[in-house]
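Worksheet: the structure to be examined is printed underneath.
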Amino acid sequence: MASTVKGLVERLRDGENVICAEGYLWELERRGYLRSGVFTPEVVMDHPERVRNLHEEFVHAGSDVVEAFTYYGHRAKLRMIGREDELEALNLAALKIARDVADKTGTLMAGNLSNTTIYDPGNSESVEEVKSIFKEQVEWAVKGRADYFIAETFDSCSEASLALEAVRKYGKGLPAVITMAAYVPDRTTDDVPFPQALRRLEEEGAAVVGLNCGRGPATMLPLLRQIRQSCKGPIAALPVTFRTTPQQKCFQCLTDPVTGGKAFPTELAPLQCTRAEIRQFATEARELGVQYIGLCCGSASYYLREVAIAYGRNPPAAKYKPDLERSLFVGDVEVFSRGDRISKLRSFVTGDIQS
């Protein structure tokens, strides 16, 4: 049965914005259901209820899209962990979970392709294996009734093109969102400036092009401004939620502010963005004309709610946004029946104790 929800292309054509939750990998690792380092989505098979719950949680926070968790769920990565025999079952299970949640919540469901980690443009065997990986994942997503495709986190323009080619060839006409990961240079690993690379992918038929992962809000925005000038159609922005800087442009190269040690991937907690920083990013992205917005690694529901509200939405989670006026420590003292007692308590918290 075909989805009756308004499609991606139709929404964008009508000037609407689309909010897409990503970051499943990072959040499920944080919750203890996925291994950092190898980052394979075994949780789909081992704890499917956790994947379903996170889909529902992200929709509650404002996502218009349920993205099937098949990131790194391809043949090469599952071979690495000795579970290649479960490849098709994992993909179909992830797609079914996503489809069920999308149907239940009236949202879009996206099939997912990712960078393969084995792509070598100078090696014909590698290229053919990558083509095969994309082909089978696209065909499974069609079987799983995806509404569109997300192909993401490509560092080379040529691998991104292969993913788009597979969607156009085997995707039964479904649209594709193609996003690339910018690290330190403002160019791809095959030496194409990102504005030019994304314009090329747009010309090859991608419905949306843009950036995801790699950079946090502060270092993604300047590049997005260049991309907006280069590309004619809708652009996407899904940064990581970490405080990247002009000196450390991507979260893979961040260092701990206290120890100076390498923070990626397991010691990034002290470098997370604040909610205000995420809200400011979303506000600036909307002003720039970014129609397809979301968050990648480090995303959580409270961050996504900030994005949704900045884009003029009122998601169910907005009911539970902070009510600081009634906070014991920072709210209005007059709200409390014993204001003198609260004032004294606060002096103990701040250390500004009057004798």
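Residues to consider are 245, 179; find the one that is open to solvent by 10 Å² or more (accessible area, probe 1.4 Å) and not in a helix (DSSP H, G or I). The unique qualifying residue is 245. Condition test on residue 349, is it among the β-branched types (Val, Ile, Thr), part of a helix (DSSP H, G or I), touching a residue at least 12 places away in the same chain (Cβ under 8 Å) and open to solvent by less than 20 Å² (accessible area, probe 1.4 Å)? Here the answer is no, as residue 349 does not meet what is asked. Within region 262-277, being touching a strand residue (DSSP E or B) at 6+ places or on another chain (Cβ under 7 Å) and open to solvent by 30 Å² or more (accessible area, probe 1.4 Å) holds for 262, 272. The listed residues are 25, 8, 92, 87, and the only one of them that is over 23 Å from residue 321 (Cβ atoms) and in contact with a Cys (Cβ under 8 Å, 6 or more places away or on another chain) turns out to be 25. Listed by first and then second residue, the pairs linking a residue in region 208-222 that is touching a residue at least 12 places away in the same chain (Cβ under 8 Å) to a residue that is among the basic types (Lys, Arg) and in a strand (DSSP E or B), with Cβ atoms under 9 Å apart and 6 or more places separating them unless they lie on different chains, are 221/215.
Among the listed residues 106, 82, which satisfies the condition of being at positive phi and without any contact (Cβ under 8 Å) to a residue 40 or more places away in the chain?
Residue meeting the stated conditions: 82.
Exactly one condition in (1) among the hydrophobic types (A, V, I, L, M, F, W, C); (2) within 30 Å of residue 31 (Cα to Cα); (3) open to solvent by less than 90 Å² (accessible area, probe 1.4 Å); (4) without any contact (Cβ under 8 Å) to a residue 40 or more places away in the chain is false for residue 333; which is it? Tallying (1) among the hydrophobic types (A, V, I, L, M, F, W, C); (2) within 30 Å of residue 31 (Cα to Cα); (3) open to solvent by less than 90 Å² (accessible area, probe 1.4 Å); (4) without any contact (Cβ under 8 Å) to a residue 40 or more places away in the chain, residue 333 fails exactly one: (2). Looking only at region 251-273, residues that are charged (D, E, K, R), within 16 Å of residue 183 (Cβ to Cβ) and assigned to a loop (DSSP other than H, G, I, E, B) come to 0 in all.
I'm checking my understanding of the structure. Among residues of region 131-154 that are among the polar types (S, T, N, Q) and in contact (Cβ under 8 Å) with a residue 60 or more places away in the chain, which one is nearest to residue 294 (Cα to Cα)? Going through the qualifying residues, I end up with 153. Within region 36-75, if we keep just the residues that are without any contact (Cβ under 8 Å) to a residue 60 or more places away in the chain and touching an Asp or Glu at 6+ places or on another chain (Cβ under 7 Å), the residue that is nearest to residue 137 (Cα to Cα) turns out to be 45.
Scoring residue 299 on the criteria (1) surrounded by fewer than 21 Cβ atoms within 10 Å (Cβ to Cβ); (2) in contact with a strand residue (DSSP E or B) (Cβ under 9 Å, 6 or more places away or on another chain) leaves a single failure, condition (1).
Results for (1) touching a Leu at 6+ places or on another chain (Cβ under 8 Å); (2) under 30 Å from residue 105 (Cβ atoms); (3) not polar (S, T, N, Q), shown as yes or no for each residue.
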site: 271; (1), (2), (3): yes, no, yes
site: 277; (1), (2), (3): no, yes, yes
site: 281; (1), (2), (3): yes, yes, yes
site: 303; (1), (2), (3): yes, yes, yes
site: 306; (1), (2), (3): no, yes, yes
site: 328; (1), (2), (3): yes, no, yes
site: 347; (1), (2), (3): no, no, no
site: 350; (1), (2), (3): no, no, no
site: 353; (1), (2), (3): no, no, yes
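Taken together, 4, 40 contain a single residue that is at pLDDT below 95, out of contact with any Pro (no Cβ under 8 Å at 6 or more places or on another chain) and of a type in the set (S, T, N, Q), which is 4. Listed by position, the helices (runs of 4 or more DSSP H) inside region 56-144 whose residues that are open to solvent by less than 10 Å² (accessible area, probe 1.4 Å) and within 21 Å of residue 166 (Cβ to Cβ) number at least 3 are 87-105, 124-143.
Across region 278-285, not a single residue is classified as assigned to a strand (DSSP E or B) and either open to solvent by less than 30 Å² (accessible area, probe 1.4 Å) or touching a Ser or Thr at 6+ places or on another chain (Cβ under 8 Å) (or both). Going by what's in this entry, would residue 33 be described as open to solvent by 50 Å² or more (accessible area, probe 1.4 Å), hydroxyl-bearing (Ser, Thr, Tyr), in contact with a helix residue (DSSP H, G or I) (Cβ under 7 Å, 6 or more places away or on another chain) and outside any helix (DSSP H, G or I)? Against the criterion (open to solvent by 50 Å² or more (accessible area, probe 1.4 Å), hydroxyl-bearing (Ser, Thr, Tyr), in contact with a helix residue (DSSP H, G or I) (Cβ under 7 Å, 6 or more places away or on another chain) and outside any helix (DSSP H, G or I)), residue 33 qualifies.
Note on region 226-242: residues that are touching a strand residue (DSSP E or B) at 6+ places or on another chain (Cβ under 7 Å) and in a helix (DSSP H, G or I) total 2.
Condition (residue is β-branched (Val, Ile, Thr), more than 19 Å from residue 71 (Cβ to Cβ) and open to solvent by 40 Å² or more (accessible area, probe 1.4 Å)) applied to region 209-227: is it met by at least one residue? Looking for residues that are β-branched (Val, Ile, Thr), more than 19 Å from residue 71 (Cβ to Cβ) and open to solvent by 40 Å² or more (accessible area, probe 1.4 Å), one finds none in region 209-227, hence no.
The values are calculated or read from the model by the stated rules, or taken from the named source; none is laboratory data. As the structure is a computational prediction, the values presented were derived from the model and not from experiment. So basically every Cβ, Gly included, is an ideal-geometry build from the backbone, and we count neighbours across all protein chains shown. Heavy atoms of the whole protein, side chains included, go into the accessibility calculation; ligands, DNA and RNA do not. Shrake-Rupley method; radii C 1.70, N 1.55, O 1.52, S 1.80 Å.
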